[in-house]
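So the structure is just underneath, and the comments pick up after that.
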Amino acid sequence: MLVAAAVCPCPPLLVPDVAAGAAPELDAARAACTDALGVLAAARPGRLVVVGPVESAGPESYPEGTRGSFRGFGVDLDVRLGRDDGAPADQRLPYSLAVAAWLLGRTGWSDAPVEGLGVGDRLEPERCGRIGRDLASRAERVALLVMGDASACRTLKAPGYLDERAAPFDAEAARALGTADVAALTALDTGLARELKVSGRATWQVLAGAAEGADLGGSLLYEDAPYGVGYLVATWS
């Protein structure tokens with residue numbers, strides 16, 4: 001059963017070594033992520049599942065101990081998902097889960113075993129919901145760390161340029177995540193999310209499926225759009 005969830009953005013820029021001189025610009029987002037992970041730890045889960053967007057169709061599982069790297073950004077920084085549990089050496093974390101691994105390492109997570117799940121952004125809401133329900137049934141007390149960004153079309157300099165539909169979409173996503181509105185998350189428009197380059201749509205809908213019947217309350221800890229990309233941090237408990 002799902003007992004808690006944290007929702008965090010997943011840009012590699014969240015890692016100070018990657019952001020370099022621009023690192024202070026996301027200090028507030030990092031602090032909110034730290035607070036969100038504290039809510040997960042306080043729930044004392046028996047298992048933590050990190051769910052992140054991937055470019056492949058997914059879902060793809062990543063066992064505890066899977067390693068990731070930010071060397072593709074010119075940074076000599078490696079991370080590991082949870083404890084070193086003998087994960088396959090040839091399997092590497094996608095960037096969304098590498099950012100999650102960095103967050104967990106930064107806060108010294110040791111409260112429960114960890115596993116990762118990559119979810120493709122083309123998965124239909126119904127499939128995402130089924131995945132979430134399956135995750136919630138894997139242990140008596142399950143927590144989710146849900147990675148994903150809102151739209152990338154908030155300003156003229158955003159990766160997806162300015163789209164007037166982006167701000168309303170992000171506002172509704174923020175409201176739904178901040179109030180643990182399962183129905184609203186499930187109803188997010190898949191096509192519009194893709195047009196607005198929303199990486200978190202599928203992972204948020206996995207969360208919605210996992211939370212069915214859990215009667216959790218939500219709290220929005222951070223909402224902003226630096227670099228024209230919507231970043232949201234929320235907790236469910």
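Only DSSP H runs of four or more residues enter the estimate; each adds -39500 (n - 2.57), and after division by the residues of the chain the mean residue ellipticity at 222 nm equals -9500 deg cm²/dmol. The HN-Hα couplings worked out from phi for region 103-118 by the Karplus form 6.51 cos²θ - 1.76 cosθ + 1.60 (θ = phi - 60°) are 4, 5, x, 5, 9, x, 4, 8, 7, 6, x, 10, 9, x, 9, x Hz, whole numbers, x standing for Gly and Pro. Annotation: extensible slack from ALA89 through GLU25 equals 19.6 nm (criterion: 0.36 nm per residue apart, minus Cα-Cα distance). Here the chain has an Rg and Dmax of 16.1, 47 Å, counting Cα atoms alone. Loop-located trypsin sites (Lys or Arg not before Pro) in region 163-237 (DSSP state not H, G, I, E or B) with no more than 15 neighbouring Cβ atoms inside 10 Å: ARG165.
Shown for the chain: the carbon plus sulfur share of the solvent-accessible area, taken with all protein chains present and a 1.4 angstrom probe, equals 49%. By DSSP, the beta bridges lying fully in the chain are antiparallel in about 45 percent of cases.
For ASP189 and ARG106, the difference between the fully extended length at 0.36 nm per residue and the C-alpha to C-alpha distance is 26.5 nm. Solvent-accessible surface of region 124-207, taken per residue with a 1.4 Å probe and all protein chains present: 43 Å². For region 1-134, what is the percent of antiparallel DSSP beta bridges, rounded to the nearest 5? About 45 percent, rounded to the nearest 5.
The values are calculated or read from the model by the stated rules, or taken from the named source; none is laboratory data. Predicted, not measured: the structure shown is a model, and the values here were computed from it. Methodologically, a virtual Cβ is constructed for each residue, glycine included, from the backbone with ideal geometry; neighbour enumeration extends over all protein chains shown. For accessibility, only protein heavy atoms count, side chains too; no ligands or nucleic acids. Shrake-Rupley method; radii C 1.70, N 1.55, O 1.52, S 1.80 Å.
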